[in-house]
1. Can you give the accessible area of residue 254, probe radius 1.4 Å, in Å² rounded to 10?
2. If we count GluC sites (Glu not before Pro) as exposed when they sit in a DSSP loop and have at most 14 other beta carbons within 10 Å, what is the longest stretch of the chain that avoids them all?
3. Could you please put 286, 96 in sequence from largest to smallest accessible area, using a 1.4 Å probe?
4. Express the accessible area of the chain per residue in Å², computed with a 1.4 Å probe while the remaining protein chains stay in the model.
5. Keeping the other protein chains in place, figure out the carbon and sulfur percent of the accessible area of the range 2-294, with a 1.4 Å probe.
6. Mind giving me the FRET efficiency for residue 202 and residue 64? R0 is 25 Å, r the Cβ-Cβ distance, nearest 0.05 is fine.
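The values are calculated or read from the model by the stated rules, or taken from the named source; none is laboratory data. It should be emphasised that the depicted structure is a prediction, and the values quoted were computed from it without experimental measurement. Glycine also receives a Cβ, built like all others from the backbone with ideal geometry; neighbour counts cover every protein chain displayed. Side chains are part of the model used for accessible areas, which takes the heavy atoms of the whole protein and leaves out ligands, DNA and RNA. Shrake-Rupley method; radii C 1.70, N 1.55, O 1.52, S 1.80 Å.
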Amino acid sequence: MTTTTLPEHPLLQDHADARPVAAEADAAADRNSVVQLDPDHPGFRDEEYRARRNRIARIAREYEPGAPVPDAPYTPEEHGVWRAVWEALEPAHERHACAEYLSCVRRLELPRERIPQMREVNERVEALSGFRLEPVAGLVEPRVFLESLANGVFLCTQYIRHHSTPLYTPEPDVVHEIAGHAVTLASERLAELNRLVGRAVKRTTSHEALDRLSRVYWFTVEFGVVREDGEAKAYGTGLLSAGELGAMRDVELRPLDLEAASRQEYDPTHFQPVLFCADSFEAMYHALRDYLIRR
Ligand SMILES: [Fe+2]
């Protein structure tokens with residue numbers, strides 16, 4: 001067990017894995033069953049923002065899986081939020097992101113000056129790994145989210161955080177989905193691991209097994225860390241899309257142990273005090289792949 005410094009951010013409230021496991025895993029669970037803002041949401045009192053969120057939610061509701069994703073109506077202010085986040089993220093990535101992620105960022109060539117539409121991100125990611133993003137209005141059940149990965153589909157929110165808090169969001173948004181997940185899904189190896197998670201989840205027949213895989217997903221795909229040249233580097237999307245990736249704090253780094261990760265509880269509403277760190281990206285890839293194939 002090692003203690004080192006790693007970035008933190010409230011974005012730790014992530015999607016699939018932050019959600020409570022459904023009482024009944026219903027294969028027909030609605031992808032778009034939740035669209036609501038809490039009273040303490042930064043955009044709660046902004047009628048325009050809420051109206052735009054509703055328009056964007058409608059895109060997801062009316063979306064036919066497999067079809068091109070309609071463009072979301074972002075405002076100049078929202079494109080400004082995207083610019084502000086990238087200005088904060090890029091220097092932090094240089095210091096704290098693993099090589100695989102940095103290579104994917106270069107390959108994807110995402111625009112920094114405007115929010116890319118899901119349609120154009122899909123053109124690039126699909127060509128690299130076969131994965132595609134499909135829109136959802138908000139949180140979906142863990143089983144629905146995770147099983148879709150088996151088919152190379154990442155269920156993805158389209159709205160962006162409120163402009164008053166460019167470096168904070170209480171929920172996953174297009175910054176997390178694209179700067180985090182879409183970029184990592186441009187990696188063949190990370191895309192493969194995402195698919196294997198989905199296949200493993202499809203084979204589960206109990207809540208316990210689903211919970212264990214959700215935790216493994218959380219501590220790897222969302223908050224995974226690997227060692228490179230003696231330093232802890234992030235490959236987890238929750239870390240990589242955090243606006244304050246550069247704000248360092250002490251976390252406890254434990255050697256990657258997927259059985260232990262599958263039993264490790266976490267609180268998605270707080271900074272993660274414990275992360276699992278593999279000796280290298282290769283070591284993580286093989287350990288996670290072997291674990292998922294055996295489930
Ligand atoms: Fe996520």
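1. Spelled out: residue 254, probe radius 1.4 Å, area about 70 Å².
2. Values: sites that count: 24, 109, 113, 265.
Longest gap between qualifying sites, sites excluded: 114-264.
3. Working: 286 90, 96 20 Å².
Largest to smallest exposure gives the sequence 286, 96.
4. Values: 12180 Å² over 295 residues.
Heavy-atom accessible area per residue stands at 41 Å².
5. Numbers: 5680 of 11930 Å².
On the range 2-294, the fraction of accessible area on carbon and sulfur atoms equals 48 percent.
6. On the way: r = 22 Å, r/R0 = 0.90.
Using R0 = 25 Å, I get an efficiency of 0.65.
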